[in-house]
Structure formats: structure tokens, C-alpha cells
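Below: the structure, in C-alpha cells.
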Amino acid sequence: LTPLLAVVIGIYMTIFKHFGFGPVWPTVLDGFVNSCTGSWYFTLLYVHNILPREMCVEHAWYSSADFQLILVSPILLLSLNRWPKMTLIMIGILAVCSSIAGFLTSWFLEITISSLDIEKTRTLNRYFYYATWLRCSPWLIGLIVGYVIFEVKQKQFEFTINKITASALCAASLAVMYVCVFEGYDVIIGKSDKVTNVFRIALVRPSWVIAVSWIIFACAVGYGGPINKFLSLPVFQILSKLTYSMYLIHFPIMVVVIGKMATPSVFTTSQMFYGFWSDFMVTLIVSTVLSLAFELPVVAIEKYFSSRSSRKTKKI
């Protein structure tokens, strides 16, 4: 994943300044280009989300958090192999502790998800939004689900429920996912009371991942039904090859579109609909080119050396 990230950093530091012009473009450059001058290497080292300084390719915080969790994963995976029950309990406790930490952080720092106050937004990003230890509860829950699916696939134990229960759980999961995404508007804009706000902040991530986890588990063990058929459509295999490049490139494209505006835009539903699909299609085209040029060749090289290594091991 690193070569494509390095290419995006290179674009930021070289040709990005030529992509736009207008009254707010210098401000855009100051926030998105100049920040890379002294901190680009922290991004490539995957530590820029935990350092209290300007971030190069700020939205790549997720790559850093993901990499940091991968570094600690062998400890948990080896423990699962040796002491499965105790490790599963420990992983669950860590997930709960992460949610509690999110609750306490948002309570004492009075964090809201969305704010027009620049200082509050910086506090949100630094101490909550980018923090790996507050982001790890979904990853830990996913680790538990992955282990359970592995055990079921290996026939270590049999999981059976009736179709009505499976359908009800799927419906409940979809309902929870809907609430996580579309409800809680007053909380997001900071109009709710403090208690409601911190509870939503602490619980929305684990609630979302538990709902998604049941969908994944049901599809994996044969209870997915039409949901499994939909998620198994071949088109998703194509999109899955582009998700990483789209993730890296979508934000610069949106910044260019917004940074070139010379007058305020009129907010309408149709305008937002048009804006979304135009941004999406440009992102899809650009990410396809970048993926073919930089990501997929590295994947092919990695597979080549991996296959050679496995053949040598078999010969030995």
C-alpha cells in the first residue's frame, strides 16, 4: 500500500498547486500542501496520526491506525492459538475499555462530532478522531468474529439457528446500521445534551461493527440469504480492487473542486446529488489509473515473490 501513498504525497508536494486557482486557493495550498513539507515522512512511517503536528495527507490517518493495529496483531493471534478462551475474553475487555476511553475523552474535553469552532475541531481530530486506541474497538470485535468464523469453518463447533431468527437478526443489524448513519442529527451538530452526545460517540462505532459483524458471520456460515447473494455479485470484486486508491484520491479531488470556487454555491438536493456523482466518477477514473500504474503492479510483484518462497519451502 505504501507506493501509492508515496505517489499521492508526491502529487501534494509538486503538481497539486497547479490544479486550481481563485480567491481561496492559497488557503487550500497552505492547509494541504505546505503541511507536507516537514512531515511527509511521518505519513510514510504510518505514525502521523499520533503526532501533535500538521499532517501530510491528513485523511490517511486510517492507514496509520490500521498499520499500528497490524503491528500488535501477532500478540493476539499467537495468544488465540495457545489460550483461545482467555484471549477472547481479553480482546472483549480491550474493546470495552476502548469504548469507555472514548466516552471519558468526549466527556472531559466536551467533544462534539461537528463544530464550526476551529479549536474544537482540532481537539476532536487530535484526541479522538485519529487516536488508534479509541478506534480499535471495531478492529478488536472483528478479530473475535474472524476467529469464530474460522472455528466454524474448521468444524470445531456447529452453529445452527432457524431461518426466522437469522432473518430477524439480519433485519435488526440493518436497523442498527441505519440508526448509526442517518439518525442522531441533533447530536452531530451539537444541539443535544452532553450525556446524549458522549453516549453516541462512545457507542456508535461498536454498534455499527456488531451489526456489520452479524451480516458477515451470517453470510459466512450460510444464513445470509439474499444479502449474501447481493454482496457476492461480481461487480464488487472489481470495486474492491479500487477502494484503496479511491480512498486516497477522493479527498484531494474534492479539495480541488471546492478550492476553485469563486462564489458561494446554492445548496439544493439536486445540486448535492449532481456534485456527489460527478466527484464519484472523477474519483473512479483517476483511482483506476493510479491503481493500474502503482498499486496492482506492486501486488503482482509481491505475489510473485510469495509464490517463489512457498515453492522453495515445499521443496525443502
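The values are calculated or read from the model by the stated rules, or taken from the named source; none is laboratory data. All values reported here derive from a predicted model rather than from experimental measurement. All Cβ positions, even for glycine, are placed from backbone atoms using ideal geometry, and neighbour counts span all protein chains on display. Just the protein is used for accessible areas: all its heavy atoms, side chains included, with ligands, DNA and RNA removed. Shrake-Rupley method; radii C 1.70, N 1.55, O 1.52, S 1.80 Å.
Tabulated data
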quantity	calculated
The range 180-301 shape via C-alpha gyration tensor axes, a/c threshold 1.5	oblate
Exposed trypsin sites (Lys or Arg not before Pro) absent - longest run of the chain, DSSP non-H/G/I/E/B, at most 11 other C-beta within 10 Å	192-316
Cβ charges +1 (Lys, Arg) and -1 (Asp, Glu), total dipole of the chain, debye	1240
Pairs beyond 31 Å (Cα-Cα), from Lys85/Lys194; Lys155/Lys229; Lys153/Lys303; Lys85/Lys229	Lys85/Lys194; Lys85/Lys229
Compactness index (Cα Rg / 2.2 N^0.38 Å), the chain	1.13
Axial C-alpha extent at least 27 Å, average Kyte-Doolittle at least -1.0 - helices from the chain (DSSP)	61-82, 84-108, 132-153, 163-182, 194-221, 269-290, 296-315
Estimated inter-spin distance, Ile50 and Val181, nm [label 7 Å along Cα→Cβ]	3.2
Accessible area (Å², per residue) of the chain, counting only protein heavy atoms and a probe of 1.4 Å	63
Cα→Cβ-extended label distance, 7 Å offset, between Tyr129 and Gln154, nm	4.1
Those Cys residues of the chain for which no other cysteine Cβ falls under 4.7 Å	Cys97, Cys136, Cys170, Cys180, Cys219
Computed over the range 24-151: relative contact order in percent, which uses C-alpha pairs under 8 Å that are six or more apart	25
Relative contact order of the chain, pairs being alpha-carbon contacts under 8 Å that are 6 or more residues apart, as %	22
Residue with peak Gaussian network fluctuation, the chain [Cα springs, cutoff 10 Å], from Phe267, Phe103, Phe67	Phe267
The chain, accessible surface, carbon-and-sulfur percent (1.4 angstrom probe)	70
Sum of side-chain charges, Phe32 neighbourhood, beta-carbon under 11 Å (Lys, Arg +1; Asp, Glu -1)	-2
Additional length obtainable on full extension of the chain from Thr263 to Gln237, 0.36 nm per residue less Cα span	5.3 nm
Within a Gaussian network of the chain (alpha carbon springs, distance under 10 Å), most fluctuating of Ala293, Ala101, Ala60	Ala293
Gained length - Thr196 relative to Ile75, 0.36 nm times residue gap less alpha-carbon distance	40.0 nm
Sites Ala168 and Leu104 - FRET efficiency at Förster radius 25 Å, r taken between beta-carbons, to 0.05	0.15
Cβ-based net charge around Tyr244, under 15 Å, with every Lys or Arg adding one and every Asp or Glu removing one	-2
